[in-house]
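Below is one structure, written out as structure tokens; comments come after it.
The values are calculated or read from the model by the stated rules, or taken from the named source; none is laboratory data. Computed from a predicted structure; not experimentally measured. Quick reminder, even Gly has a Cβ in these numbers, built from the backbone with ideal geometry, and neighbours come from all protein chains shown.
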Amino acid sequence: MTGYGRAIGETDGYSITVEIKSVNHRFFEFSARVPRAYGFLEEKLKGFAQQRIARGKVDCYVQIDCEDTPDGVVSVNYALAEGYYSATKELCERYGLRMGEDASVLTAYPDVFVVHKAPADEERIWNAVKSVAEQAVDSFLRMRAAEGERLSADIRSRAAAIAEHVSFIEARSPETVRLYNEKLTARVRELLQDASVDEQRLLTETAIFADKIAVAEETVRLRSHLSQLDSFLEAGEAIGRKLDFLVQEMNREANTIGSKASDIEIARRVIDIKAEIEKIREQIQNIE
């Protein structure tokens with residue numbers, strides 16, 4: 001399911017921005033882009049996101065700016081400064097120059113001052129980032145929940161359409177048996193003309209036909225699947241994979257009904273049912 005969330009926070013000396021977005025994916029896939037100095041955050045963010053997001057290709061972007069937190073410690077390379085000083089003094093003596101005593105003479109040389117990166121307090125930084133990430137995920141989930149409501153409404157409308165087609169098939173199926181009996185009787189009388197017709201044999205043939213095209217079991221199971229679909233949509237949990245399986249079973253029942261159908265009207269309804277099931281299948285790829 002697609003979603004987007006963004007949060008900005010200032011905490012513990014850091015200005016932090018966290019953005020989270022996702023696109024449809026059958027499983028959970030996570031990638032994070034963080035400043036190079038904070039690479040240790042990637043696995044922490046993945047574990048944090050996976051606790052609240054079950055499916056989707058999730059991308060997370062983190063920006064961290066230090067405000068009043070020192071980035072490093074400055075030290076003096078005394079050996080190098082001594083070398084610069086001796087060389088400068090020697091140069092002045094050789095060419096009769098006046099030796100300056102200003103400290104800026106030495107500080108102008110490269111590498112006299114050395115900046116050592118202060119070791120990162122990983123736990124402190126993670127706690128700061130986590131507090132902002134929680135806000136971003138909350139925003140992200142609110143957006144996905146709103147989209148989920150729209151998807152749920154669409155799936156329910158398609159399930160209702162399937163139920164209507166099933167009702168038609170259930171009502172039409174006995175009628176096809178009656179029509180078959182009438183056609184069979186008329187055909188036999190036409191062939192036998194004045195000869196007597198074996199009514200018992202006609203009833204037997206009609207019963208065999210009725211058993212062959214009976215779809216009561218399939219329609220009952222299909223209605224059960226529709227009821228379960230509604231229950232899943234009511235559940236406040238991740239249901240995407242359950243719906244994947246349920247739709248496969250619905251399609252299986254529709255195929256069986258289609259293979260038994262000897263009536264063109266029923267066959268048309270089966271095509272409509274399969275079309276609705278396929279649309280539901282497409283939609284549930286967007287559901288967590």
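Working only within region 240-270, note down all residues that are among the aliphatic types (A, V, I, L, M) and under 22 Å from GLN285 (Cα atoms). Working first, answer last.
Here is the first cut: in region 240-270, the residues among the aliphatic types (A, V, I, L, M) are 243, 246-247, 250, 254, 257, 261, 264, 266-267, 270.
Result: LEU243, LEU246, VAL247, MET250, ALA254.
Answer with yes or no whether LEU233 is closer than 22 Å to LEU141 by Cα, of a type outside the set (Val, Ile, Thr), crowded, with 16+ Cβ neighbours inside 10 Å and touching a residue at least 40 places away in the same chain (Cβ under 8 Å).
Considered against the rule, which asks whether it is closer than 22 Å to LEU141 by Cα, of a type outside the set (Val, Ile, Thr), crowded, with 16+ Cβ neighbours inside 10 Å and touching a residue at least 40 places away in the same chain (Cβ under 8 Å), LEU233 comes out as yes.
May I ask you to list the residues in region 26-38 that are within 19 Å of the chain's Cα centre (by Cα), of a type in the set (Gly, Ala, Ser) and surrounded by fewer than 16 Cβ atoms within 10 Å (Cβ to Cβ)?
Within region 26-38, SER31 is the sole residue that qualifies.
If you check every pair at least six apart or on different chains, which have Cβ atoms under 9 Å apart with a residue in region 106-125 that is modelled with pLDDT under 75 first and a residue that is aromatic (Phe, Trp, Tyr) and part of a loop (DSSP other than H, G, I, E, B) second?
Within 9 Å, the pairs are ALA120/PHE40.
Evaluate the following for ARG178: is it more than 27 Å from ARG281 (Cα to Cα), surrounded by 13 or more Cβ atoms within 10 Å (Cβ to Cβ), of a type in the set (Lys, Arg) and modelled with pLDDT under 85?
no
Test ARG281 against the criterion of being basic (Lys, Arg), out of contact with any Phe, Trp or Tyr (no Cβ under 6 Å at 6 or more places or on another chain), under 30 Å from ILE53 (Cβ atoms) and at pLDDT 75 or above, and give yes or no.
yes
From GLY9, GLY83, GLY13, which residue is assigned by TED's automatic domain parsing to the domain that holds ALA133, surrounded by 12 or more Cβ atoms within 10 Å (Cβ to Cβ) and at pLDDT below 90?
Selected residue: GLY13, the only one of GLY9, GLY83, GLY13 that is assigned by TED's automatic domain parsing to the domain that holds ALA133, surrounded by 12 or more Cβ atoms within 10 Å (Cβ to Cβ) and at pLDDT below 90.
Which of (1) within 24 Å of ALA146 (Cα to Cα); (2) of a type in the set (Lys, Arg); (3) modelled with pLDDT of 90 or more does ARG241 not meet, given it meets every other one?
With (1) within 24 Å of ALA146 (Cα to Cα); (2) of a type in the set (Lys, Arg); (3) modelled with pLDDT of 90 or more applied to ARG241, the lone miss is (3).
LEU41 versus (1) touching a strand residue (DSSP E or B) at 6+ places or on another chain (Cβ under 6 Å); (2) surrounded by 15 or more Cβ atoms within 10 Å (Cβ to Cβ): which is the lone unmet condition?
Unmet condition: (1).
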